[in-house]
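Comments concern the structure below.
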Amino acid sequence: IDTFSVSTKNKYLIAAKIFLDGLHRLNLIPQKITDHVRGFTQSRLHRKEGLQDADIGKLQRYCSDLPPTPQNLRLRALVALFLFQGLRQIEVVRLDVGDIDLRNKTALIRGKGRDDKEPIHLHPSTVRMLREYLNCYRFRSGALFRSDSNHCRGERLTTKSVREIIKRVFAELEIDGSTHGFRHFFITKLIKSYKGELLMVSKYSRHRSIQMLEVYNDEIIREQDLPRFYEVFKEIRI
């Protein structure tokens with residue numbers, strides 16, 4: 001269980017509590033045992049750090065030097081959606097060809113925990129990567145990203161498959177990070193550029209509230225203040 005995140009542990013705990021409460025209501029267990037069971041707590045600070053500028057530099061050089069094979073064009077399209085759009089993994093694999101409008105530079109995204117789709121504006125680099133990818137694969141409908149493996153060729157890529165694709169590239173480039181690190185980098189970059197205008201940043205990150213963005217902003221402020229913190233104790237030696 002130590003390998004699970006706090007949010008995952010809480011989801012399992014909630015499911016178990018609902019199940020046990022149901023057993024009690026049906027008189028299948030003698031007493032209600034969930035009243036004093038507390039959920040797992042976590043600091044508001046992010047446990048996973050995002051990608052750094054140096055990591056993005058490595059990735060940029062790597063992608064620029066790739067020959068235009070179908071697999072490489074797919075990789076570049078995936079990276080563009082993570083890097084320039086800040087999409088979540090589930091949002092990327094849910095994309096259909098019909099969701100992409102290259103002429104108007106928009107896409108329809110079905111976000112985390114949502115049933116409907118919302119439009120987003122695509123960065124010019126994303127449009128270019130998607131155009132090259134679609135010109136190669138010639139998909140007209142259905143899933144935007146599909147498997148090339150022998151046992152499930154043509155099926156929609158899963159989040160696990162996407163993570164494995166990115167993981168292999170990171171291993172080759174010696175980047176210590178995860179696929180989610182792209183989103184962390186995207187949001188952090190926006191907050192720094194928009195000088196803490198969290199409401200505007202939320203329109204691009206598509207957070208339902210700015211509470212999570214405040215966590216990012218706090219991290220940025222703390223990092224920027226570190227030199228002053230170090231200065232306070234500079235004359236002390238032990």
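General remarks:
- Of the residues making up region 114-136, those that are of a type in the set (D, E, K, R) and assigned to a helix (DSSP H, G or I) number 3.
- When Gly86, Gly111 are screened for being at pLDDT 95 or above, in a loop (DSSP other than H, G, I, E, B), touching a Lys or Arg at 6+ places or on another chain (Cβ under 8 Å) and outside the structural domain of Met212 (by TED's automatic domain parsing), only Gly86 passes.
- Failed condition for Thr159, given (1) surrounded by 19 or more Cβ atoms within 10 Å (Cβ to Cβ); (2) touching a residue at least 40 places away in the same chain (Cβ under 8 Å); (3) of a type in the set (Val, Ile, Thr): (1)
- Taking region 145-176 as the range and being assigned to a loop (DSSP other than H, G, I, E, B) and out of contact with any Asp or Glu (no Cβ under 6 Å at 6 or more places or on another chain) as the test, the residues that pass are Phe145, Asp148, Ser149, Arg153, Gly154, Glu155, Leu157, Thr158, Glu174, Asp176.
- Hey, Gln60 closer than 30 Å to Tyr216 by Cα, in a helix (DSSP H, G or I), at pLDDT 85 or above and of a type in the set (S, T, N, Q) or not: yes
- With respect to the conditions (1) in the same structural domain as Leu73 (by TED's automatic domain parsing); (2) in contact (Cβ under 8 Å) with a residue 24 or more places away in the chain; (3) surrounded by 11 or more Cβ atoms within 10 Å (Cβ to Cβ), Glu164 falls short on a single one, namely (2).
- Pairs with Cβ under 7 Å, 6+ apart, first in region 83-99 and closer than 21 Å to Ile191 by Cβ, second aromatic (Phe, Trp, Tyr) and surrounded by fewer than 17 Cβ atoms within 10 Å (Cβ to Cβ): Gly86/Tyr204
- Enumeration of residues in region 185-233 that are assigned to a helix (DSSP H, G or I) and among the basic types (Lys, Arg): Lys189, Lys192, Lys203, Arg222, Arg228
The values are calculated or read from the model by the stated rules, or taken from the named source; none is laboratory data. Given the structure is predicted, the values throughout are model-derived calculations rather than measurements. A quick note on method: Cβ atoms are made from the backbone with ideal geometry, for glycine too, and the neighbour counts reach across all protein chains shown.
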